Amino acid sequence: MMNPDDLFFDDKAGRLYVTDTGNNRILVLDRSFTPITILEGFEGDGGEWLSLSEPRGVFVDAEGLLYIADTNNNRILVVDSQGGIVRIIGKPHINSLPEEAEFYPEKISVDAKGGLVVLARNIFQGFISMDRDGTFLRFYGANSVELTPALLRQLAWRNFMTYDQRRSTFRYVPVEYSNLHMSPDGFVYATVRASETSTNEIRKLNYK
């Protein structure tokens, strides 16, 4: 493997899915870690071959549908147990994001009704919540900006800066999430990327 980035164990089928990100594929193993198959792409409706490009997230729902965050292809693939494409979910329409913003899904989880919670790169408003067809619903679990000594110093200095000086200062953004998992009871367990304060790095989120 090269840079494996995510895994999901489907207890019902007894299969472990691992994103072999650097090799652009998904490895499927059994309970004893014996390889079953390797998924490098899928045949689309028109017969074209849809190769994976640095997939970083994988999830299997209660119906056995496989969800793949096909990161560098800017899409989420939904695949059935026979390897057939069920849906392709691209960039959702979000009014608060500029049109030129790219959609890089990295992690994904699905609730009992088929709703998606997606972690996307460079999205600081929280997770993206979508319905089963990929329609944007809202941002979910937004983080706050981490209060560090450097940030407090800059906030103090801004009181003495001109408008142009304030515009040129470094922008502080909320700490990004690094992964998520939706439990059967509907709670989302999330981790954030390493922060300077090393607090609140594992979180449990409810629907609100």
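The values are calculated or read from the model by the stated rules, or taken from the named source; none is laboratory data. As the structure is a prediction and not an experimental result, all values here were calculated from the model. Cβ placement follows ideal geometry from the backbone for every residue including glycine, while neighbour counts extend to all protein chains displayed. All accessible areas refer to the heavy atoms of the entire protein, side chains included, with ligands and DNA or RNA removed. Shrake-Rupley method; radii C 1.70, N 1.55, O 1.52, S 1.80 Å.
In the range 42-82, what GluC sites (Glu not before Pro) fall in a loop by DSSP, with at most 15 other Cβ atoms inside 10 Å? List each step's numbers first, then the result.
Numbers: sites: Glu43, Glu48, Glu63; in loops: Glu48, Glu63.
Answer in residue order: Glu48, Glu63.
Label points 7 Å out from Cα along the Cβ direction at Asp45 and Lys208: separation in nm?
It is 4.1 nm.
Go ahead and run the numbers for FRET between Asn3 and Asp30, Cβ-Cβ distance against an R0 of 25 Å, rounding to 0.05. Before the final figure, lay out the partial values.
Values: r = 23 Å, r/R0 = 0.92.
Efficiency at R0 = 25 Å is approximately 0.60.
Test of understanding: what is the full-extension gain from Asp80 to Ala101, defined as 0.36 nm times their sequence separation minus their Cα-Cα distance?
Fully extending the segment from Asp80 to Ala101 adds 4.6 nm.
Can you give me the Rg/Rh ratio for the range 68-147, using Cα atoms for both radii and the Kirkwood formula for Rh? List each step's numbers first, then the result.
Numbers: Rg = 13.0 Å, Rh = 13.2 Å.
Rg divided by Rh gives 0.98.
Which lysines, if any, have their Cα less than 24 Å from the Cα of Lys204, not counting same-chain residues under 8 positions apart?
Cα-Cα hits under 24 Å: Lys107, Lys113.
Top to bottom by accessible area (1.4 Å), largest first, where do Glu106, Glu100, Glu54, Glu40 land? Let's see the in-between values first.
Numbers: Glu106 20, Glu100 145, Glu54 65, Glu40 100 Å².
The ordering from most to least exposed comes out as Glu100, Glu40, Glu54, Glu106.
Counting other C-beta atoms within 10 Å, and keeping those with at most 14, which DSSP coil trypsin sites (Lys or Arg not before Pro) do you find in the range 60-117?
Working: sites: Arg75, Arg87, Lys107, Lys113; in loops: Lys113.
Here the sparse-neighbourhood loop sites are Lys113.
Relative to 2.2 N^0.38 Å, what does the C-alpha radius of gyration of the range 1-141 come to as a ratio? Two decimals please.
1.01
Tell me which chymotrypsin sites (Phe, Trp or Tyr not before Pro) from the range 19-114 have a DSSP coil assignment and no more than 14 other beta carbons within 10 Å of their own. Can you show the working numbers first?
Working: sites: Phe33, Phe42, Trp49, Phe59, Tyr67, Phe103; in loops: Phe33, Phe103.
The qualifying sites are Phe33.
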